[in-house]
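Each remark here refers to the structure printed beneath this line.
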Amino acid sequence: MTKSYDLSGSHGDKNVSFSSSAALEPEAGPVATIKTTDLSEKTNGHSPDSQKLGDVGGKREAESGQDGKKSDDEDVKKRPATFGELFSFANCFDLFLIAIGVIAACAHGSSWPLLFLIFGDVTNDFVGYGKNNTNTSAAEMADQFEYNMTQYAITYVYIGIGVAVTTYAHVAFFQLTGERQTFRLRQKFFKSLLREEIAWYDKQQSGELTTRLADDLERVREGIGDKVGLSIQFLAQFLAGFILGFARGWKLTLVIMSLTPLLAIGAAVLGKVR
């Protein structure tokens, strides 16, 4: 004859079932069996606490990922350097070269309106020689015309020599100072790369650093090199043209200025087409 006992309960995240049967005979000892059921089977292998921890960890990872993306976007959206900051690597000798280049570029730009002014004087002498309304003889008019043409030719030669010298000066000096500043910038950039940790290099794309050292700094060199001299040259040419125009004939200059908006619109359209 045997008696059975069934005790069940829960402990932690497990259900425990205890059953025992005992025989009344002396020689039969109690036989007990313990059956445990893991609640993790009901939660697909995860306890409620582990699910909560997993949700919190996932949220933290998502927030950290968003913060990383924001930091990357902030790095990409850094403000561009100002015109003055481009020349922050220039020393005293570079500033001296820049000053000479600016003067040479202004002289080069001012020479073009001066050539048109002399060409106008040559045209007036041709017209006056053809009319010959004065009381001077034809021989005297011919000698005077020949002398004037000789003077104009010599003036053209002098202006041509000045244009050649100033063109070489402003292009060479701006190119030289651009190379010197870019060399210092490249050294500074390379030293900053050597101070970075190894993990920083893992985040960079392959070939990105060499591209910055080569192509990006080459764009900087072009920006602070001869292009600055060309900009100053064209600005000086623009101002000198208006100054000479108002000095020689302000009425005609005002009439021509009325067509300036049309010329600007045409230049803008032509630039977009190209």
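Residues in region 217-274 that are more than 29 Å from T82 (Cα to Cα) and either among the small types (G, A, S) or in contact with an Asp or Glu (Cβ under 9 Å, 6 or more places away or on another chain) (or both): G241, G245, A247, G249, S258, G266.
For region 160-274, the helices (runs of 4 or more DSSP H) that sit wholly inside it and include 1 or more residues that are surrounded by fewer than 13 Cβ atoms within 10 Å (Cβ to Cβ) and within 28 Å of the chain's Cα centre (by Cα) are 198-202, 208-211, 217-223, 226-248, 260-273. Annotation note: Cβ proximity below 7 Å between a residue of region 195-213 that is in the same structural domain as F183 (by TED's automatic domain parsing) and under 22 Å from E179 (Cα atoms) and a residue that is of a type in the set (A, V, I, L, M) and surrounded by 10 or more Cβ atoms within 10 Å (Cβ to Cβ) (sequence gap 6+ or interchain) occurs for L209/L193. Taken together, the criteria place S231 among residues that are hydroxyl-bearing (S, T, Y) and either under 30 Å from F89 (Cβ atoms) or in the same structural domain as S110 (by TED's automatic domain parsing) (or both). Looking across F173, F116, F145, F126, one residue alone is touching a Leu at 6+ places or on another chain (Cβ under 6 Å) and in the same structural domain as L235 (by TED's automatic domain parsing). It is F173.
Of all residues in region 161-168, none satisfies being more than 30 Å from L230 (Cα to Cα) and without any contact (Cβ under 8 Å) to a residue 12 or more places away in the chain.
Of everything listed in (1) at pLDDT 85 or above; (2) under 23 Å from G245 (Cα atoms); (3) surrounded by 15 or more Cβ atoms within 10 Å (Cβ to Cβ), the single unmet condition for N124 is (3). Taken over region 104-117, residues that are surrounded by fewer than 16 Cβ atoms within 10 Å (Cβ to Cβ) and within 17 Å of T166 (Cβ to Cβ) amount to 1.
The values are calculated or read from the model by the stated rules, or taken from the named source; none is laboratory data. Note that the structure is predicted; figures quoted are calculated from it, not measured. All Cβ positions, even for glycine, are placed from backbone atoms using ideal geometry, and neighbour counts span all protein chains on display.
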